[in-house]
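Here is the structure we will look at, set down as structure tokens.
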Amino acid sequence: MAQNTTSMIRDLTRGPVVKQLLRFAFPLFVSNALQAVYNLVDMIVVGNYIGKTGMSAVSIGGDVLHLLTFVAIGFSSAGQVIIARAVGSGQHDEIRKTIGTMFSFLLTASIVIAGICFALREKLLDWLNTPGLSRAFAMDYMVTCIFGLVFIYGYNIVSAILRGMGDSKRPFVFIAIAAVLNMVLDVLFVRFFKLEVFGAALATVIGQGTSFIVSIIYLYRNRESFGFDFRPASFRIERKTFARLLALGIPMAIQSAAINLSKIVLMAWINAFDVTYSALAGIFNKVNLMSGVISQSFTTAGSTMVGQNLGAEEYKRVNQILATVLVIGITLATAAAAVMLIFPAAVYEIFTSDPDVLMYAGVLTIPIILNFYGAATRSTSFALINGSGRAKLNLTIAIIDGVISRIGLAALLGFVMKLDCFGFWLGDSLAGFVPFLVAGTFYLSGRWRKPVRKRT
């Protein structure tokens, strides 16, 4: 088992840190960029061919979909860290158990969550104060994407397995397939077949489904290389492995849910104004999605490298990894901020030509720039926290960042200081710096060097 497993494992505990980080992060960046692009394409195509009612619908439906992926993101990230640490310490049997447990748990969760949300679909739109002009479109987009939720969960599982083993290239290939299909089908369904917002959602689901199927075929054909035989017995949920997955995954899932839930709350507040501001919220979220691409890429690469090096007790390399992630993040954030300051109109016109939306779009510029830098600091923060497997610290950040800071600051600036939607977006961006403050305190304490106690 050990001999076969090592053929797919990439050792990240030796060699130049900067080179390894960039080589690992670049495919992640491209794959995440493609994933963001196919989310952006929905907004761009709908915005240009349907207008602000379609943009509002995609924005609302997209936020609901992102909220529903919190279990996939949290537990796949946890599984990736567990696999990475098992790789670093040479525990190949733990890799096999984690793969089987993660598959069974997350795919089941996706079906349950999809069923619950379909039953509550009308209530969800009510809670979001969905504008009447975009309600039918929002329902089409949300329901279609709910039925494709299992594909999103499946892709996250496969990506977590491969990235935990140090392979970031194959996930890029899989998401590239989804991105290309979505872009082609978006234009085909919306412009030529006149399927409106439903067409954009259908294109997304087809792309995600194809990507998942291809990734599963790849894993099955290479099953001997990473020690998982795909027999029914191998998908049994191992009690101890599941306990470790829960211990790390629950705080990560809560963190993801808290942040996405806070965005849902902000969206509901914004929707109460009118459909124009609802469309602006869509632009704000989609531009920030691109900044999140960089953050997520270096978070994933950094946490995998940190996990392996902590497993091998290479603490000096951990310091080098964190410093490299921070410098790269700040540099890229500065470049993106310059583009927003110099060419704001060009950015907003990518999404729509609607004069009402463009008239007020300038209110987004400062919050977007702040979010660029917040995303850059989050990369370093979660590379350390996730890589070291600190479940309680993740839970702390989830509560402070996702609930107290994000909703609290938005309410303070929007309602109390009467900045309205600008205050909501500004509060959301300022809250993005909270993880860096918490992680900085954790780093200075030196407790990240101590191993996490395993449940027995």
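Scan region 187-236 for residues that are in a helix (DSSP H, G or I) and free of Cβ contacts under 8 Å to residues at least 24 places away in the same chain and the total you get is 11. Looking at K450, is it in contact with a Pro (Cβ under 9 Å, 6 or more places away or on another chain) and surrounded by fewer than 18 Cβ atoms within 10 Å (Cβ to Cβ)? It is false that K450 is in contact with a Pro (Cβ under 9 Å, 6 or more places away or on another chain) and surrounded by fewer than 18 Cβ atoms within 10 Å (Cβ to Cβ). Please pick out the residue among A233, A247, A203 that is among the hydrophobic types (A, V, I, L, M, F, W, C), at pLDDT 85 or above, crowded, with 17+ Cβ neighbours inside 10 Å and over 19 Å from F75 (Cα atoms). After ruling out the rest, the residue left standing is A203.
Okay, residues lined up against (1) in a helix (DSSP H, G or I); (2) touching a residue at least 24 places away in the same chain (Cβ under 8 Å); (3) of a type in the set (A, V, I, L, M, F, W, C):
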position	(1), (2), (3)
I250	yes, yes, yes
I264	yes, yes, yes
F273	no, yes, yes
G282	yes, yes, no
I294	yes, yes, yes
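Scanning region 349-385 for residues that are over 17 Å from G282 (Cβ atoms) and charged (D, E, K, R) turns up just one, R378. Considering only residues that are of a type outside the set (V, I, T) and buried (at least 21 other Cβ atoms within 10 Å of the Cβ), look in region 270-283 and name the one that is farthest from A361 (Cα to Cα). By that ranking, first place goes to N271. For region 407-429, does any single residue satisfy the condition of being touching a residue at least 60 places away in the same chain (Cβ under 8 Å) and of a type in the set (K, R)? No, there is no match, as no residue in region 407-429 is touching a residue at least 60 places away in the same chain (Cβ under 8 Å) and of a type in the set (K, R). Where residues in region 343-399 are more than 23 Å from the chain's Cα centre (by Cα) and of a type in the set (S, T, N, Q), which of them is nearest to N309 (Cα to Cα)? Across region 343-399, the extreme among qualifying residues is T352.
Count of region 105-134 residues, restricted to those that are crowded, with 17+ Cβ neighbours inside 10 Å and either among the polar types (S, T, N, Q) or free of Cβ contacts under 8 Å to residues at least 40 places away in the same chain (or both), is 3. Taken over region 41-62, the criterion of being surrounded by fewer than 22 Cβ atoms within 10 Å (Cβ to Cβ), part of a helix (DSSP H, G or I) and not β-branched (V, I, T) is satisfied by N48, Y49. For region 298-332, a tally of residues being crowded, with 24+ Cβ neighbours inside 10 Å and either touching a strand residue (DSSP E or B) at 6+ places or on another chain (Cβ under 9 Å) or small (G, A, S) (or both) returns 5.
The values are calculated or read from the model by the stated rules, or taken from the named source; none is laboratory data. These figures come from a predicted structure and were not determined experimentally. As a convention, Cβ positions derive from the backbone with ideal geometry for all residues, glycine included, and neighbour counts pool all protein chains shown.
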